[in-house]
Structures are given as structure tokens and as C-alpha cells.
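Trainee: Quick one: structure below, then a few questions.
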Amino acid sequence: MILCGLYLFGEIMPDATKSKKKKSGGSAKSDGSSPGRQGTAPATPVKKALPAVTHEWRDAGSEVRVTLVTGPLAGAGRVQLDCSERRVQVRLPDGRTWSSRLFAAVLPDGSEHQQRPGGRILVKLLKHDPSLTWPSLEPMKIPRVKSSPPTKETPPTKEMKEKTNTEKIEETAGRTSERPGSPAPNGALPGPSDAPPGPDDAPLGPDGKPGASPPPPAVVEPVLLDNLKHDTFETDADIRVSVYLRHIKKETLAISYDSDSFSMVFGTSDRRFLAARGQLDECFLFRWTVPLKGRVLPDLCCHKVTNSAVELRLVKAIPGRWNALRPPAPPPAPVPAAAAASRRSPSRLSESAAVPDPAGGGDRPDPPTKLVRPPSPLPIALPPPPPPPVLAPLERGFTGLDNIGNTCFLNSVIQCLANTRELRDYFADSLFQADINQHNPLGMKGQLALAFAVLMRVLWSGEHRSYNPHKLKALVAKRFTQFTGFAQHDAQEFMAFLLDGLHEDLNRVVEKPYTQTEEAGDRPDDEVAREAWYRYRLRDDSVIVDLFQGQYKSKLVCPDCGKVSVTFDPFLYLSVPLPKKKRPVCVTFFRADHTVRPITYTLYVSADGLADEIMEKLAEKTGVASRLIKLIDERKHKVQKVYTRGMSAGTIGRGSHLLAFEQLDPARIGEPVLELLVIQRLQYPSAARVCSSCKKEPTADEKLRRCTRCYRTSYCDSHCQKDHWPHHRELCRPWPPEPVGCPFLVSLPRSRATYTEVCRAMEAFSRYSVNVFCVPVTADRERRDSVSSGTSSDSGKCTDTEETVTEKEVSSSDSTDCREAPSSSGMTGDQQLFVIRSVDQQGENVVSSDSGRIQDNGDEPLDLRGPCTVAMDWKTARRRWQPCCLVDDKELESDPDPHPEPEPTGRIGLHQCLRLFTEPERLSPGEAWYCPRCKAHREAEKQLSLWRLPLNLIIQLKRFSFKESFYGRDKIDRMVEFPVRDLNLRQYLTEEPDDGRVLYDLYGVINHHGGILGGHYTAFARCVDPLRPENAELGWRRFDDARVVRMKEEEVMTSEAYLLFYRRRIPYAAPERATDAEEID
């Protein structure tokens, strides 16, 4: 902490300063009044004098902190802070004022003050150049030196060689400033002086008397520089150095090469460069000397000058890799134990101990007579403590960010953006200040851009191992309130809001014009795309648009009228879907033509996908439009669910049997269509094969008789019937029909949907899932051996029994073709083997009586409206003069898939995700598009494709998906393989770019570790080489909040990758403000 003081509203007189030092021990105070000159009468004393204002200041890296010691504040009001680039002033409520000029420029918008307890005020001044270290709070005063006649030059001594640059500037300015207001020979203005020039300041002649002509100006040495912004590119034969300097005066440039170093002398008119070095004038020269790690050949070295850089080519004397331009810095020398012990013992004073000089002449050594004799040594000498660990020098680009409470999402995004080379240079070189929009209501008047620029400079200063980003987080939370507090957030969401905030702060458009979108019509796509991009840039034009935004083409096709709508929209990043986990699903597809055998397909669909995916895959294999496919989930011979578009297919289990049916298109056949969903049932339950009482199987000559009320019990004779009656009486009741086979769909034109045609189609479809055996009907088999015993429950018998018909009996019949039942399409009324009833989707009768039976109307079509569900009840009980049949289940007959789909592998590539992004998809009902030609919302087909490629492409892997579960969201943890080099996007482009460059190289990755309920973000990043973007100027590093370590390129691809940052492989160009708008042909 540096302690100094300032008088307010006046000058600091030398005598007053000395007296203050004597009383206060070196801390000067201000009483708030203007002191009079020497020799004037003292001012009238005030009864109650206000305490003096002192200040302490320190350089805190990117800011300067000044603590004002004011004492208790009197009066009402607030403390007012007025700050400009070169001066700061604080007004207190009691009327006192403190002000000071500043050593270098500060940012007034970033300055603030805070009142602290104990009568203190903390003033924070944000540096314009965070890399500049302030030696003092005020500008260093350059003393006036009287010119003397030229004398013979003496060789420089060792002390003169070791002088700092600041001392050389002061001496130079002192030698060249001879009259107030006269310019120095090198362009430097005379040094500031608070006192008016006295008689001693007049120019002296060769004889030493005033009034004579001044001597010739002295030669000014160039200002020595420690470092300049530069980049290197190394090969085995040479090393190229790009020194970034703007507005170089070529007539002043001189470069000398030695075998182990090079030196560059130059002048510049760059105001920012001169202001960062103490407001120097344009006539100053600068020298930069660089020692080299290896030896070079000076005669072969050369250079060239461009608009923004000086490029040097150093030819190596011995080919090989240096891996650095400068030699490594020597480690700091260890502190001797004796010196450390002497510093720990305050009572030991050396003979050269200094005390303040009462005369004000500075420190002087004590007289020998006042030496303090050291005390006698202790009996036991304590060992000195171990020296502090020597930390390795910090490299640029290895600064981490503190986690101030679940801010890993912020840290990872900032680190990747800080390694975006064009964005980093744009903020580090203060080019953003010319683009700050103070009038944009959507921005923050440059505050967010200013805080981001400070953060970029700190991260690349090489002075901090970790930095606290609280300023940036507070500004983002002020603009976007969802980031208030310390909750967990999504990194992609924060990145989008941050870039949008920077875009609004730096939008070059002050007044946004009104624009209107025009229909593409029949115009070519390139014209429509260029017009849309020009219209967008009329309202949004910033460095974010230049570096990150591209353009994609969106195409919509109406499924009814074929209307095509094409639009071109900008994008900041691409959210690409991940191929979901696949599972096999077996689907049996039935054509509308019942003569065509069904085919069973094995489809691999997403585990939590939609029914649309199954329909689309069936459409590809069968050639039937997906909208004409009806999907049914069949379980236990019943219809479990009918799937429509947009329904989730995640509930389809392994035991489910999917049936798909082709529907006739009314628009194609030119008339309405009748659809019947048919469920097969047994009119009576299947007969038992053993006696319900004695459990014996009948012989060939014996026949079982079953109860005609429940049709579930059978007996050998009346004795078994009587014995079993006590147990059967409670269970004997009419049972509903029993489902059998599989459901199917009958689709017929309404004009042809007669009873006969419907029966023919139903019987044809049923034979694929059941076997039907016909029982011949003869007159001598009419209800013989039937026993009737009344209705009394005490008789011990069922109401009635009838003879059981078995398959053995049917097979041994005298009929020549009784194994398979003949077609009943030509039969009418009671001669058919089945009846048709109206039922619900679960197969329950709508009407219990025969009124629910569908009647035969001859050649008239059936009077049925809308999709209907009917039951096909097979007659399985023998009745007088009625046909009877046996119906058995069988495995569904179908043909295999002629072109089976290969089983997908578990590996996912980035190109698979990009193909899913550009594939056509059908809009869901909730996303239906309004067709201007149909005047209605349609589930159109949508397809996206890339049109204009950005310089930096950000790809989001959509690992988080919504699903029907308790948590509502889920994370996909599968590995996605992405290229680090040579990402080719040509196949996803609709239009070839003008320069033909479609290759991208990875330079940043944001990873998410953990699950949906909580996790952690880290980042991998590298900084690209300016001459060869596919290479790295600074290699891959792992950023884990405050921890930054090197890593290998082979370790970049992990299963936690979430955001990918790619840079287009084009030569590096420093970001400059655009001057000409794009024209439209």
C-alpha cells in the first residue's frame, strides 16, 4: 500500500510539505483550504476545523483503488464522484473536495465509490489498459533542467546504463523543454509545473547569463519497451514473428539483427499506443530488443511492413525446434538464511540503517555513534523456516475463473469465447469502443461490453492465476433476470443470452429502419437469400454477427396442394439432435387388397419416439403414404390402442404385436371410403375335452355333452351331470363371446360396401390368423341325445345339454372337404358361419339383443357412418339346421421382409446428427403450418439446410430431451464422435460458398458432467495460429473453474461433450469495422 497526500484547491509548497512530514511521519493531509504563498499573513482560525483528508492508493491489477480517510462526515447529502479519463474528484457532503490527476487513462463508466466504516471512502478506478502498472497515482512530474553549453561527451557509467525508461524520458524532456509552451525537439511537450516560471527559468546563453540564445537541442534516445504484442510461427528452418503495430511511420523503422537477438526502432501515430505509455507525443521513438533462444543468420533475416503488423523472418543457424522465441527466464535467487534471519529480528540494525533527514533531503545513514549493539545470541538457535515455494512463471492464456457459486456454466462459456481469436483481439485492442451503442434500448449502453473487455484483458494478461467474474455475472443478471442468484443454469442458454447482450451493446445500427419480408415467389434462391441477409443487416450489424452468425434455408411443402414456401433465416448456433437409442419393433402390414398376403417388418425405432417414426419407415418400405397407414397395438386378440400421428410410441413393449393397415385414399378413388375395424370372437366358448365331473377323456365311440347355458362344462352322461351340479350351479351363467385371432381393418369404397362384399373381405382377412373347421349338418343329427329336465334346481341337472362337436368328429366325417370351411360369401342369413355385430373398441357388445346385428340389405351398401368397430362372431355351437364350425388360433401367416433393415450400431457420429438436422420431417399437429393456398393449417413437410457459413460455428448436441416421465426431461449420455480437424460441411449446403472453403477445425468444447438433476461444466480450448488456422498458437488446455492445465489433443473427444466450437479454415484477419454495406443486384 502506497501512502501519499494532496492539498486541495492549491499547490503543495516545499516548506509546508517538509513540516507536515515532520509532524505526521510522512503522511500529508489536506485541510480543504487554499494555502497562501510564503510571506503572506496567516488565515483567521476557525472555531471548529474539519479533519484533513488523506488518501492511500494501490494498483490492483485491472483497477486502481484509492481509500480516502475523511473522518466523520458532517452535513446532509451524498458523496459525489466525478471522473474523467485523466482526473478524479470527490465532493463530500460537508463541502470538502478531493481531486487528483491520474497517471494514465481510466474508464469513467467503470469507476465507482463505496463508503466504508471508520470514516473511509473507497474509490475504484477501472484502468483503460489493465496491463499497465502505475508507479504513482499522479502523473510523474518532469523537472525543468537548465540547458548548459555543449561539453565533451563522457562515456556512460554503470549507473547511467541501469536507468529505467521513465528516468530517461524525464531527463530527455528536461533537456528539451527550455521555454514554457515550446515543443521539444522530439515532439514531447514540456513537463507540467504547478508554479509560474520564475527568473531562473529563463534561457541561458553560453556565458551563463539570462537572455542569450538557447543551445542546440540534445539528441533524444528511443523509449525502451519491455514487450510488444506479437505472435510467432515456427518451422525447422526459420521462425516468423508478427509484431502487431498500427500506423507505423515507415521512415522511422529500423531493424537490426544479431546472431542471438534483434532490435527494432520505430515511431507510430497510434493514439491508443501512445496513451497507454503515459500520453507520449507522436514524435517519440521506441526501441524493442528481444534476446533469442537460439542463434540466427543475420544476413538472411528480413522483414516486411503491413497495415497492422511488422512481419519478421528469422533464419535459424541450426535447423530445429525452439518451441519459444525468448530464452527461459532464470528462476528467482533463493534468499540466504542469514538474510532471512536478520529480517526476522527487528532489533538487529545494520550500520547502514537510514533515518529521515530533518532538513527534507531524504534518507541519510545514521552516524556511527548511534549504533545499537546487537543482543547476545540465544542458547539454542532455531532453524530458519523453509523458503516459500517458487511458483513457475504464469503463461498467457492459463488464467482460470473463480467459481462464486454454481457459476461453472459461466466460466466454461467465457473460456471458449476468450479463445475465439477474432473476438479476443477485438476486445483486447479496444476496437469495441468505437462500436458502443449508447442509444439502443435493448442494450446496456456499453456496460456489458466494457466488463467483457476487462475480462478478456485479464485472462490474457498472464498476471493472474485465477480471476473473479462477479462484475460480468452481475451485469448479465441485471439484463437477464433468470440468472439472478446462484442456481444452476444451462451453458448454451447463458451463451445465447451473453452473445445477444454483447450484440445489442455493439450494434452499429443506431436507428433501426422498418423492413418487411417479401414472398420468394418464383425468384431464384440466391437472390432471395441475399435480400433476406441484407434486410437483416440493416437492423442488426455487430461483431457478433460478423463472427458467429450464418444463414439457413427453410423449406415447407403442403401435403394437400403442394404449395412450397422457402424462407432464409439467420442462426447463431446449430442445435443438432442425437440419434436416440434404437429398439426393434415387429410390424405386420396388411394391404387394402385382401388377396395380398401380409408382410412382417422388423423396424428399428427410437425407444421414446413417436408413432410418426414407425409410419414413416413403413411408408419407405411399402410405398404407401404415411397418412394412409393405420397403426394398431393388438394384445390378447383385442385392440389395445389405435395410434395416430403425434402419439408417443414409448409404451410399445416387447410383448406388443403391431398391425398396420393400408387405407384407401378418398381423393384417389373419387368417393367416400367405409372403414370397418373387425374383432373376431367365438359365439360360444370352446368345448372342454374331458368330463367336468370324472375328468375322463371320452373314447372314440363316446361323446361329451355340454351345458347349453354356459357352454363351459361337459359330461359323459347324466350321472356325471348330477354329481357335478352342486359345484356347477353357482358358476353356471351366460358368458360373453371369447375373442380369437387378430383384429383387422376392412377398407372399401362406400358404393361397393355391400353385405356380401364385406363378408368376403372379412373371411379372407380372418384366415390369416385362425383355422376354421366346418361341421356338416344332416337331418338325423338334429338335437339327438339331448336331455331336458325342467328348470327345477333340485333336479340335480343343468337346464339342457347338447352334444359336443370335436375336431376328431369333423375330420372323420363323410364330407369330402370338411377340413377347411367353404366360403360363406354366397350364403345368406343362418347359412353363414359367422354373424356381424356392432361393438366398441374393446370388443364389448353395444346392444345386448339381436338388434345390434348388422342385417343383409342385398345389393344396397351398408348404412354405416364413419369408422366403425364390428365383431365377427363365429358360430361354434350346434343349432337346428344351422351351420357349425370349430375355430382354432394359429400364428399369423405373413411373408418376411424382402429387404431387412440392418441392426444399428451403438456408435454415433457428428455427421449422423447433422443429417438428422437436415432431413425432412413432418410437422406435428401442434406445429401445423398455415398454408396460404389452402387457407388452413397443414402438417407440412419441413426441411432445413445450410446456406451461409459463419466464421465460427457453434454446434449444440441436444443431449437433454423431453419425455413422458416423472422428471419430464432426460439426458443422453452416449458417446458422439466428432472430428477435431477437417469437418466438411459441403453435403449440408444448398449453395456452394463463394470462396469454396467448407472445412472447419475444432478450437473449443464445453462438457457437461452429471445428470439432469445436477452436474458440472468444464471446457477444453486452444487458440488458433494466425497464419495456419488448423494449427494452434497455444495448445489445448483444460479449464475447470480456477484450475487450468495442459492436455493432449487425443483427450478432447469425450462422452460429456455438449457444445462444440469450430473455426472455418480461412486466413486470420484482424476484426475491423465494416464500412460498405452489401449490395443487392
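Trainee: Can you report the number of residues in region 552-566 which are assigned to a strand (DSSP E or B) and surrounded by 14 or more Cβ atoms within 10 Å (Cβ to Cβ)?
Mentor: Total satisfying the criteria: 8.
Trainee: Can I ask one more? Hey, any hits in region 625-637 for a residue that's in contact (Cβ under 8 Å) with a residue 60 or more places away in the chain and assigned to a helix (DSSP H, G or I)?
Mentor: Looking through region 625-637, at least one residue is in contact (Cβ under 8 Å) with a residue 60 or more places away in the chain and assigned to a helix (DSSP H, G or I).
Trainee: Related question: From the list D608, D612, which residue is closer than 23 Å to A928 by Cβ and either of a type in the set (A, V, I, L, M) or crowded, with 19+ Cβ neighbours inside 10 Å (or both)?
Mentor: D612
Trainee: Looking at (1) surrounded by fewer than 19 Cβ atoms within 10 Å (Cβ to Cβ); (2) under 30 Å from A453 (Cα atoms), can you tell me which one Q549 breaks?
Mentor: (1)
Trainee: Which residue pairs have Cβ atoms under 7 Å apart, sit 6 or more places apart or on different chains, and have a first residue in region 392-408 that is at negative phi and at pLDDT 90 or above and a second that is among the aliphatic types (A, V, I, L, M) and open to solvent by less than 20 Å² (accessible area, probe 1.4 Å)?
Mentor: Between residues of region 392-408 that are at negative phi and at pLDDT 90 or above and residues that are among the aliphatic types (A, V, I, L, M) and open to solvent by less than 20 Å² (accessible area, probe 1.4 Å), the close pairs are T399/V458; T399/L459; L401/I414.
Trainee: Looking only at residues that are free of Cβ contacts under 8 Å to residues at least 40 places away in the same chain and surrounded by 12 or more Cβ atoms within 10 Å (Cβ to Cβ) in region 479-499, which one is nearest to the chain's Cα centre (by Cα)?
Mentor: E493
Trainee: Among the residues of region 67-99, write down those that are buried (at least 20 other Cβ atoms within 10 Å of the Cβ) and within 30 Å of E463 (Cα to Cα).
Mentor: Passing the criteria: L68, C83, V88.
Trainee: Consider region 927-956. How many of its residues are of a type in the set (K, R) and without any contact (Cβ under 8 Å) to a residue 40 or more places away in the chain?
Mentor: Result for region 927-956: 1.
Trainee: Which numbered condition trips up V587, out of (1) open to solvent by less than 60 Å² (accessible area, probe 1.4 Å); (2) within 22 Å of C913 (Cα to Cα); (3) touching a Leu at 6+ places or on another chain (Cβ under 8 Å)?
Mentor: It fails just one condition, (2).
Trainee: Tell me, which residue of region 238-260 that is in a loop (DSSP other than H, G, I, E, B), at pLDDT 85 or above and open to solvent by 30 Å² or more (accessible area, probe 1.4 Å) is nearest to E1033 (Cα to Cα)?
Mentor: Residue satisfying both the conditions and the ranking: D260.
Trainee: Something else now. As an exercise: evaluate V587 against (1) part of a strand (DSSP E or B); (2) within 34 Å of the chain's Cα centre (by Cα) and give the number of the one condition it does not meet.
Mentor: In the conditions (1) part of a strand (DSSP E or B); (2) within 34 Å of the chain's Cα centre (by Cα), V587 misses (2) alone.
Trainee: Taking region 306-320 as the region of interest, how many residues are closer than 19 Å to S242 by Cα and either open to solvent by less than 20 Å² (accessible area, probe 1.4 Å) or touching a residue at least 40 places away in the same chain (Cβ under 8 Å) (or both)?
Mentor: 10
Trainee: With region 858-952 as the region, which strands (runs of 3 or more DSSP E) entirely inside it contain at least 3 residues that are open to solvent by 50 Å² or more (accessible area, probe 1.4 Å)?
Mentor: It comes to 941-948.
Trainee: Can you name every residue in region 567-576 that is surrounded by 18 or more Cβ atoms within 10 Å (Cβ to Cβ) and closer than 30 Å to G623 by Cα?
Mentor: Matches in region 567-576: V576 only.
Trainee: If you scan region 458-471, which residues turn out to be in a helix (DSSP H, G or I) and crowded, with 21+ Cβ neighbours inside 10 Å?
Mentor: V458, L459
Trainee: Name the residue that is surrounded by the fewest Cβ atoms within 10 Å (Cβ to Cβ), counting only residues in region 400-455 that are hydroxyl-bearing (S, T, Y) and farther than 29 Å from L245 by Cβ.
Mentor: Checked region 400-455; the qualifying residue surrounded by the fewest Cβ atoms within 10 Å (Cβ to Cβ) is T407.
Trainee: Using the structure shown, decide if E527 is touching a residue at least 40 places away in the same chain (Cβ under 8 Å) and out of contact with any His (no Cβ under 6 Å at 6 or more places or on another chain).
Mentor: Criteria met by E527.
Trainee: Within region 897-929, track down each residue that is farther than 26 Å from L989 by Cα and at pLDDT 90 or above.
Mentor: none
Trainee: Now, a different point. State which residue is nearest to the chain's Cα centre (by Cα) when the search covers only region 1022-1043 and only residues that are over 20 Å from H230 (Cα atoms) and open to solvent by less than 10 Å² (accessible area, probe 1.4 Å).
Mentor: F1039
Trainee: May I pose another question? Identify, please: which residue in region 261-305 is over 23 Å from V223 (Cβ atoms) and in a loop (DSSP other than H, G, I, E, B) and is, among those, most open to solvent (accessible area, probe 1.4 Å)?
Mentor: Once the filter is applied, the top-ranked residue is R295.
The values are calculated or read from the model by the stated rules, or taken from the named source; none is laboratory data. Worth saying up front: this structure is predicted, and the values here are computed from it rather than measured. No Cβ is skipped: glycine too gets one built from the backbone with ideal geometry, and neighbour counts run over all protein chains shown. These area figures cover heavy atoms from the full protein model, side chains too; ligands, DNA and RNA do not enter into them. Shrake-Rupley method; radii C 1.70, N 1.55, O 1.52, S 1.80 Å.
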